[in-house]
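Below is one structure, written out as structure tokens; the observations come after it.
All of the numbers you see were taken from the coordinates with simple rules; none came from a lab. Everything numeric in this text was worked out from a predicted model, so none of it was measured. Here the Cβ positions follow ideal geometry from the backbone for every residue, glycine too, while neighbour counts run over all protein chains shown.
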Amino acid sequence: MLIRPTLGVKLILSVSLLVISMAVVLSSFFVCKQKAIIENELRNRGLSLSKNLAYNSEYGLLFENKEMLNKLIQGVLKNDDIAFVAVCDQNSKIIASIVNSTLWIDFLKGVRTTHSTINQYSYKGKSVYDIIAPVSTIRRVNKGESLIFDSQIGQTKSQENIGFVRVGILLENKEKTVKTIQMIAFFISLLVIMVGIVWTVLLARRITQPIKQLVRVTARVAEGDLCRFVNGKIRHDEIGDLTAAFNTMTEKLSESAKQIEEYLQTLEQKVEDRTSELKEANERLKKQDELKSNFLSVAAHELRTPLTSMRAFSELLLEDPDGDVNTRNDFLKIMKEEAERLARLINDILDLSKIEAGKATWHMKDISMIEVVQTAINGIKGYIVQQGIFLSVDVPEHLSVVTADHDKLIQVVVNLLNNALKFVNHEGRIGVKIYETVAAAAEVITAISNTGHGIPPEKLASVFERFCQIENIPTEVKGTGLGLTICKEIVEHLGGRIWVESEIDKKTTFFFSLPVKGAISLPVVNEGGGESPCSV
């Protein structure tokens, strides 16, 4: 059976290993640092002693005055840890020396140097720093090729090594001191490790005890006992937060269980409600299917009518190729108009399909609604004048611009104007008004109205649906039911909204709004806001 280590064991092992590692690393670093400090102090002290002795031994060495040199050496031997002191000439001959043991007599032979140097040797079980310092003197010579001139004319100074001194410093005391430091570091590290392990065990118990209690209560809750809570001392840490969250969760689970019970008791009513909603949705789908069928019927009729007309006139032209020229031109004109009508119908279907499929191309830029309306009106102005319809245009002197696709916005206005022209009564009125709201989310609103039959209130919500036809409107003015749908898709894509208001047998007004971009000043399209058969 595989024994799985608990969280407490993992925590104790991890923290203990970390404490041991840190103690070993820090104690090793401390010992090495102290060892380096002691060695450096010994070298510096030996170097200072050897240089001072070399400086003071200049005249004793020049005159080989052993008595003088021995006195100097005796002064050096008063320092601790000195193994030997020797003064040698430049041929390594020992002029004067004192050793604290015969062991070092042979060691002093055979070393020659003219430069200060420090070497560490281990000789017959004894470790020593052999510190050598040259003894120099300055001689005055006759004028020659020298570098340093004296104040006396014709003489120069020349520095010359005349020998060296050797000072040996024993490392026994240093090694004893290092061992003492190592023992102290070891016991301190051991104490730190023991304290760290004890502290870790206590910490692990403090952490794991409430977790174990939480596990036991969780098991009871999993069995369905939702009245169990974790009791104990309030803790102000993450475990306390976890305990509080668990108790809150259990309480909410208990409340949820009660709510589910209540919900199950009313499930039958909810099922009936959902069934009713499904029936309504099914009715809407049937209505959509009916609208689609009506659209297919109307579209087929609209497509067949221009095709039938074009076919009939083309047959007449073929039957009488030499007929009257004016008659032939009339036939060709009618065929051209029917072809254009057919193209418009197909374009409407294609435009709606592209917009709904997200494949339409949008060229966004800052646009003035005044310019858009003016362009749209110019396109149908001739027809309005011909039909004797009164058109009024009301625009403000200052109007903010909107960000939109210029061509598609013109298409919206043209579609709404064409819709107004279809349903306006004989010698009726069409009105175009543009204004701007002053609310926090400012909008530019365009309203296009016409006098006529009006739209029943129950049909207002569905006029923008595809294939929608208003049943109380004369047959000759019915279309394919796509124009208003295209307007709705374009306006909503541009971040605006579109709606309609109507009074039966009085007036119908279509509104659409777009968010403003920034305020600009533009010329007034119709000064004074007067009315005429066609004022723009």
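At-a-glance table
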read-out	value
Farthest toward positive dipole pole in segment 266-360 [+1 Lys/Arg, -1 Asp/Glu at C-beta], among 266, 310, 321	266
Residue-span extension gain [residue 209 to residue 186] - 0.36 nm each, minus C-alpha spacing	4.9 nm
Calculated FRET efficiency for the pair residue 314/residue 442, C-beta based, R₀ 45 Å, to 0.05	0.25
Amide H within-cut-off set for residue 162, under 5 Å, with H built and near neighbours excluded	135, 136, 137
FRET efficiency, residue 264 to residue 329 (Cβ-Cβ, R0 60 Å, nearest 0.05)	0.15
Proximal lysines to residue 279, defined as alpha-carbon separation beneath 27 angstrom and excluding residues fewer than eight positions away on the same chain	270, 287, 292, 459
3J(HN,Hα) from dihedral phi, segment 194-199, Karplus parametrisation 6.51/-1.76/1.60, rounded to Hz, x for glycine, proline	5, 4, x, 5, 4, 4
Alpha carbon centroid spacing (whole Å) that separates segment 326-356 from segment 412-451	26 Å
Within straight-line cross-link reach of residue 408, lysines at Cα separation under 17 Å, skipping those fewer than 8 residues along the same chain	354, 359, 365, 488
Those lysines that a straight Cα-Cα span of less than 22 Å connects to residue 78, excepting residues fewer than 8 apart in one chain	51, 66, 126, 174, 176
Added length on full extension, which subtracts the Cα-Cα distance from 0.36 nm per residue, residue 100 to residue 505	132.2 nm
Phi-based couplings in Hz for segment 357-366 (Karplus 6.51, -1.76, 1.60; Gly and Pro marked x)	7, x, 9, 6, 9, 10, 10, 7, 7, 6
Spin-label pair residue 244/residue 407, simplified geometry with 7 Å Cα→Cβ offset, distance in nm	6.4 nm
Modelled FRET efficiency - R0 22 Å, residue 198 with residue 218, Cβ distances, 0.05 increments	0.10
Segment residue 136-residue 158, length gained on full extension (0.36 nm per residue, minus Cα span)	6.9 nm
Segment 82-94 - phi-based ³J(HN,Hα) in whole Hz, Karplus 6.51/-1.76/1.60, Gly and Pro as x	8, 8, 7, 9, 9, 10, 10, 7, 5, 9, 6, 7, 6
Net charge over other residues, Cβ less than 14 angstrom from the Cβ of residue 69 (K, R count +1; D, E count -1)	0
